[in-house]
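Here's the structure, in structure tokens; my notes come after.
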Amino acid sequence: MSARFDGNGNHGNGPRMVGEPTVWDRVVVDERLHAPPLKPRLLVTNDDGIDAPGLRGLAARLAEDFEIVVVAPSSDMSGTGTALGRLDSQAGVELRRVDMDGVQHAFTIEGPPGLAVVSAGLGAFGPKPDLVVSGVNAGMNTGHSVIHSGTVGAALTARTLGIHGLAVSLAWSDTWHWETAFTVARSSADWVLSHVGPRIVLNLNVPGLPLSGVKGIRWADLDEFGYLRVATADIPGERIEFELAGSTAGLDPASDTALCFDGYATVTLLSPVQPLPFPPADPTEIWRPTSMQTTRKGSPTGASESRGWLQSSGSRG
């Protein structure tokens, strides 16, 4: 089955140009998914792929109290950030229904988790979800390096579509303490859903400890670079794991990396991409069309003022 989307709202049954492909802004994957929800509606995804234990266990736990739809990559998509992958209006997006314990509706998608979120936000899997929960990732996602994480990228993509986002990651340990992450994530979902106002993105990192060993939960600053674990399964039956960490990772005691290593679950609110205030500079200093008028001295209008700002900025650096 496939899903095709068109932001112009074309449903394929109106007039169209000769040769124009028939493209829908929403495809109904399953009519049963479009019944009015009686509980908060959650989309659960990840970047480790549909078979990852962190995804399956988290979805089963959340399905006990929420209406759940799972849409996850068919293969490992770690490190894809907010990428959507290649979109083809002719071929669409390939989907496949899968069986998942404790979950009624689960699908794989041929693309990264960001694409799963966009698909759900456009209505491919029923009403727009109230919350996107991404994870549980096998390894922490901390610091400014979270922009590379597909787990965090899915939550950030949700925010751009007006949906709450929760990214959940579990620190590595000799034994994966999935139940610890599921328990903390379940409570975190309630907190995010209770937030009134603009949609938020919460990045949750859980220490690799039994639940009884977790010291508590702390608000945390983003580490300077942080810690990013990317795992791929290119060799059948084996797993190659890559760890990226800055040279100062964990040195700041208030950072998410340090606090998680110290046994705390950490939470950090992440903002969507926002522009900085305009500088007091004339943009023609960046590029000047040849047709633009010049002053009598041949200098662009406002250039001297712009240079003054640039020079004063440089003196501070």
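Quick notes on this one:
- Subset of region 126-147 (residues that are under 21 Å from residue 208 (Cβ atoms) and not in a loop (DSSP other than H, G, I, E, B)): 133, 134, 135, 136, 137, 138, 141, 145, 146
- Annotation note: of 41, 86, the sole residue that is surrounded by fewer than 22 Cβ atoms within 10 Å (Cβ to Cβ) and touching a Pro at 6+ places or on another chain (Cβ under 6 Å) is 41.
Read-outs: derived from the displayed coordinates by stated rules, not from any lab. Just so it is clear, the model here is predicted, and its values are computed rather than measured. Using ideal geometry, Cβ is built from the backbone for each residue, glycine included, and neighbour counts are taken over all protein chains shown.
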